[in-house]
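Novice: Before we start, here is the structure in question, set down as structure tokens.
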Amino acid sequence: HADCYCAWGNVAKKSVEKEAPGTNVELTGNPRFDLLQKPHRTFYAHDANQLNQEYGEFVLFNTNFSMSNGENSADFIFSNFDENDSSKEYILNVFKKQVKIFGEFLHLIAEVAEKFPNKNIIIRPHPGEKPSFYENILYAYDNVHVEKRLEVRPWIMAAEAVIHNSCTTGVTSALLDTPVIAYVPD
């Protein structure tokens, strides 16, 4: 029942046209990405400067482990499948892989924190994750801080580098000219 649907690209446009024939669909791109381009990124500059005043230079770890460190347990995820559901095995394999990578990502954070004790390490959990897990497991490192304040873009702008695993913040970091590492241990 929309007068116009603003689509990011052709895939979204075709999907809307298929599901809602007759809808006026306009290709507009995504304003989230437009704000990352010069000179618009100054929109985030004040918050980024505040973060640098508080933490100095820091490395940002953006996490994306809501399946293995989520507010909802794996039991909740799998309770939505019945015995005959063909996607259950696929989801189980994704879960197993994420648990393994999650452990390796935690090891990397601890290793960086140990090797660079004078460098602040910021962990920014995905919105679906439990920040308390990171706080509890990495409590011994005085230079590790778990933060959920603000949206992610000022954090990326303020960071010396961003380390992630399978997270769209890698694209955001590249668009903001912040060095980015996709940590893929497999």
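Novice: Of the residues Ile122, Ile156, which single one is closer than 27 Å to Gly56 by Cα, part of a helix (DSSP H, G or I) and among the aliphatic types (A, V, I, L, M)?
Specialist: It is Ile156.
Novice: To continue, here is another question. Please count how many residues of region 48-73 are in contact with a Cys (Cβ under 7 Å, 6 or more places away or on another chain) and not in a loop (DSSP other than H, G, I, E, B).
Specialist: Qualifying residue count for the region: 1.
Novice: Could you say which residue among Glu57, Glu111 is loosely packed, with under 15 Cβ neighbours inside 10 Å and free of Cβ contacts under 8 Å to residues at least 24 places away in the same chain?
Specialist: After ruling out the rest, the residue left standing is Glu111.
Novice: Right, next: Given the condition basic (Lys, Arg), open to solvent by 40 Å² or more (accessible area, probe 1.4 Å) and assigned to a loop (DSSP other than H, G, I, E, B), answer yes or no: does some residue in region 125-137 qualify?
Specialist: The answer is yes; a qualifying residue exists.
Novice: Could you tell me which of the residues Asn64, Asn49 is in contact (Cβ under 8 Å) with a residue 60 or more places away in the chain, open to solvent by 80 Å² or more (accessible area, probe 1.4 Å) and polar (S, T, N, Q)?
Specialist: Going through Asn64, Asn49 in turn, just one is in contact (Cβ under 8 Å) with a residue 60 or more places away in the chain, open to solvent by 80 Å² or more (accessible area, probe 1.4 Å) and polar (S, T, N, Q): Asn49.
Novice: Is it the case that some residue within region 79-94 is part of a helix (DSSP H, G or I) and open to solvent by less than 20 Å² (accessible area, probe 1.4 Å)?
Specialist: no
Novice: A further question follows. Consider Leu175 against the criteria (1) under 17 Å from the mean Cα position of the chain (by Cα); (2) open to solvent by less than 50 Å² (accessible area, probe 1.4 Å): it satisfies all of them except one. Which criterion is unmet?
Specialist: (2)
Novice: Could you look through region 139-153, keep only residues that are β-branched (Val, Ile, Thr) and closer than 13 Å to Asn62 by Cβ, and pick out the one that is nearest to the chain's Cα centre (by Cα)?
Specialist: Ranking the qualifying residues of region 139-153, first place goes to Val152.
Novice: Regarding region 41-57, can at least one residue be identified that is within 26 Å of Gly128 (Cα to Cα), at pLDDT below 95 and acidic (Asp, Glu)?
Specialist: no
The values are calculated or read from the model by the stated rules, or taken from the named source; none is laboratory data. Quantities reported herein were computed from a predicted structural model and do not represent experimental measurements. With ideal geometry, Cβ positions are generated from the backbone for all residues, glycine too; neighbour counts draw on all protein chains shown. Heads up: the accessible areas ignore ligands, DNA and RNA and are worked out on the full protein's heavy atoms, side chains in. Shrake-Rupley method; radii C 1.70, N 1.55, O 1.52, S 1.80 Å.
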